Amino acid sequence: MEHEGEIRMDPHDESTVIGADGLLLRPWREQHLPAVLTAYEDPAMRRWLAVQVSGPDGAADWLEAQRTGWASGTRFAFAVTERGREDELLGNVVMKQLDLVNGQAEMGYWTTAPARGRGVASRALAALTDWAFTTFGEQGLLRLELLHQLDNVASCRVAEKCGYPLARVIPALPPDYPLDGHVHVREAPVAAAVVSPPADRRGEAAGTGGGRASGR
């Protein structure tokens, strides 16, 4: 039986995370790159994400960055799809800047325009949160942070649905970050528990910009 947040191994020995309602999180591959380029043409993506991708070379560089992150054990990015419709890219969800010395990491995500309003961001973040604490909890992971610009109200809602309350406000850093930012924090559970976001799917966000250290 499959459970939300369960870790499985695909034929390429890479983790597949199973989310709610058939959501699948798998490491990025070349086959996803055309959909990545299409996703980054969306105006909402250009508004909220500091890192932009354009052209085949840019997409190839982006994919290499994801693979390098997996190899170094500091960044774990997943393509988000649904069972039975694996060819339709729904988004990206990532745990980055993993620092087990200080027991923390940062979470981020983006969703494609057609996927918004379906609870994809909430389900993906919930599944990756469970995966992160299950995989790295015994190694010292104590907290996960999610950052976004303060006017990204939809990302605030996604964070709160998934148990990431607002912890603090960080000041603007123009010109890259003209407005203040919100830092949401989820602490490691005392006992293993599955994060289950509510059914309310209003205000689905395009994505989070991330933190200053990661270029958001």
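The values are calculated or read from the model by the stated rules, or taken from the named source; none is laboratory data. Treat the numbers as computed from the prediction; the structure is a model and nothing was measured. Ideal geometry is used to build each Cβ from the backbone, glycine not excepted, and the neighbour counts take in all protein chains shown.
Only one entry in GLY209, GLY163, GLY203 is surrounded by 15 or more Cβ atoms within 10 Å (Cβ to Cβ), at pLDDT 80 or above and not in a strand (DSSP E or B), namely GLY163. Considering only the stretch 172-191, I want to know if a residue exists there that is surrounded by 15 or more Cβ atoms within 10 Å (Cβ to Cβ), free of Cβ contacts under 8 Å to residues at least 40 places away in the same chain, of a type in the set (Val, Ile, Thr) and under 20 Å from GLY207 (Cβ atoms). Yes, because at least one residue in the stretch 172-191 is surrounded by 15 or more Cβ atoms within 10 Å (Cβ to Cβ), free of Cβ contacts under 8 Å to residues at least 40 places away in the same chain, of a type in the set (Val, Ile, Thr) and under 20 Å from GLY207 (Cβ atoms).
Quick one: would you say THR74 is of a type in the set (S, T, N, Q) and more than 22 Å from ALA127 (Cβ to Cβ)?
Details: of a type in the set (S, T, N, Q): yes; more than 22 Å from ALA127 (Cβ to Cβ): no.
Spelling it out, it is not the case that THR74 is of a type in the set (S, T, N, Q) and more than 22 Å from ALA127 (Cβ to Cβ).
Among the residues of the stretch 131-150, the one identified as surrounded by 15 or more Cβ atoms within 10 Å (Cβ to Cβ) and of a type in the set (Asp, Glu) is GLU145.
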